[in-house]
């Protein structure tokens, strides 16, 4: 039984990791590199398997999904092997690692400070796993939206068998059948493997995405900045009660947060490994496409990321580079986008937010400034309080900053100073632009909403902020000065400003790190 | 001041962060541990599911069934929208969650109708007005009705 339970997860993880070997070839596959592959590839693999399952549904091949998964795994493995052989031959000539040069990127590795912080992180991780377990024991079916939307959709798709299409026209608008199917299909795929609709499969996916988001944040910062920055960022996420709560609630918000973070991280990678521009951008495109296949908000994210990628590259590197990069990104997005388009045009009913839309209504709402004031107030209160958990709807929105919130990140940044590697500058401007534009996008969705504004804000805004939270933490820690620059008792030799002994990569600009002012 | 921040800022930064995240993580765990004894042995969704699951053998494997409860059908969603009562909507949704892939319509106008009266009986005359004839009483407020075409 446990083999069947683990098989869909393992096959997806392996497929995803193999995909990273194809798109991010690296001659040096040390633990750090493998972990980054595991966290990026794991999430992508799980969801690409769900896409494969969706494609197999109309073809009537869903019964053969284990064989299809295995075949996909073998094909990816073969391609990966061939590419690795080729790269190894090339590596015999003087060449550079395709992933960022970890030694150069990790000042202070192995310091006492790092050991301490790693230990504290491990304790916090165990405590958070305990909290996750308690939340599961309390609500094994997840919270409200899990059984109203995500697990409900999974049950229908699993139990309907060949008649799976009929449910979309079933008139159950209250269950939001226009919501994308990535999470429900991942669950259905797991159920297909074990042969029943056990409650443990949705819970396993919930835990997996919580850990993948955490791991991706840690490993991405460990690669791009330093391990200590990675641990501290992951600790911020662990210290966000709403993240653990939502993870255990079996909603699609944490998977969406993972794909948003993966997209932005993958778009930052090429700056550190110019020879690998192609693969990382394609993978970022896949991750952005998966955002659109996870939740409707993902479509807005995809649109904004594509525009920002084009705009920032155009500004930094010119038209030719912007066109090339955007085409690569869209090449990764396209297969997933085709699935989303098929779903939206052939299966999904209309979205409830589009109900009663007309230009007259839109104009009336756009010129109603009391709506702007109400939304701005909600953004302010929720922006500071969302980390603490769900709003008590009977009480309404109240300021509740708790111990960990955006203010903590701002104070941390003020204390450590800003330290940006010049190579990351464009990527960070892009990340900040994406996050600000998506907030603006959400703002105007609320301005135009046909639902009661107070109800809509109270039931969704905190989750929208949570989706962006891992990416916001990533941006802050990519910008903040590393704590290892501060002299540490008994360990004064290691500092971030210690000149790297590694020879600069061919084609790479030498590192220019700006000291904190 | 600037010198102090430059000298000790980074150390203060990570110390503050470690302390506050540590507090937040441990506080969440402590709250969960404290609440653990009060957690019911079986969660409400599982209890509701076990109760509704008794209907499965009495219903066709697919198609639609109706639904009635303590309040009029129109009030189920309206009460949730105004945050006055989410219970009736939760009961309806969980009935659907349990009986999938059958579709449970929020209406008494179907040949078979599920009556979920865990919060009390409907208003007098409601069942007669809708021509609902009891087919099977499963206890605990769960009754399967057949729609009498000529009430």
Answer with yes or no whether residue A:411 is without any contact (Cβ under 8 Å) to a residue 60 or more places away in the chain and at the interface with chain B (Cβ under 8 Å from one of its Cβ atoms).
-> yes
For residue A:360: the one exception among (1) in contact with a helix residue (DSSP H, G or I) (Cβ under 9 Å, 6 or more places away or on another chain); (2) without any contact (Cβ under 8 Å) to a residue 60 or more places away in the chain = (1)
Pick from region B:1-50 the residues that are more than 9 Å from chain A (Cβ to nearest Cβ) and either in contact with a strand residue (DSSP E or B) (Cβ under 6 Å, 6 or more places away or on another chain) or not in a helix (DSSP H, G or I) (or both): which of them is farthest from residue B:93 (Cα to Cα)?
-> B:1
For region A:109-135, name all the residues that are more than 10 Å from chain B (Cβ to nearest Cβ) and either touching a helix residue (DSSP H, G or I) at 6+ places or on another chain (Cβ under 7 Å) or in a helix (DSSP H, G or I) (or both).
-> A:109, A:111, A:112, A:114, A:115, A:118, A:119, A:122
Just wondering, is there one or more residues in region A:192-211 that are assigned to a helix (DSSP H, G or I), within 23 Å of residue A:336 (Cα to Cα), away from every other protein chain (no Cβ under 14 Å) and more than 18 Å from the chain's Cα centre (by Cα)?
-> yes
Filtered residues of region A:158-171 (kept if at the interface with chain B (Cβ under 9 Å from one of its Cβ atoms) and assigned to a helix (DSSP H, G or I)) | A:158, A:159, A:161, A:163, A:164, A:166, A:167
Qualifying residue in region A:406-414 (condition: more than 26 Å from the chain's Cα centre (by Cα), under 30 Å from residue A:232 (Cα atoms) and modelled with pLDDT under 95) | yes
Is it the case that region A:141-149 has a residue that's closer than 25 Å to residue A:338 by Cα, at the interface with chain B (Cβ under 9 Å from one of its Cβ atoms), outside any helix (DSSP H, G or I) and more than 23 Å from the chain's Cα centre (by Cα)?
-> no
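The values are calculated or read from the model by the stated rules, or taken from the named source; none is laboratory data. Quantities reported herein were computed from a predicted structural model and do not represent experimental measurements. Note that each Cβ is placed from the backbone with ideal geometry, even for glycine, and that neighbours are counted across all protein chains shown.
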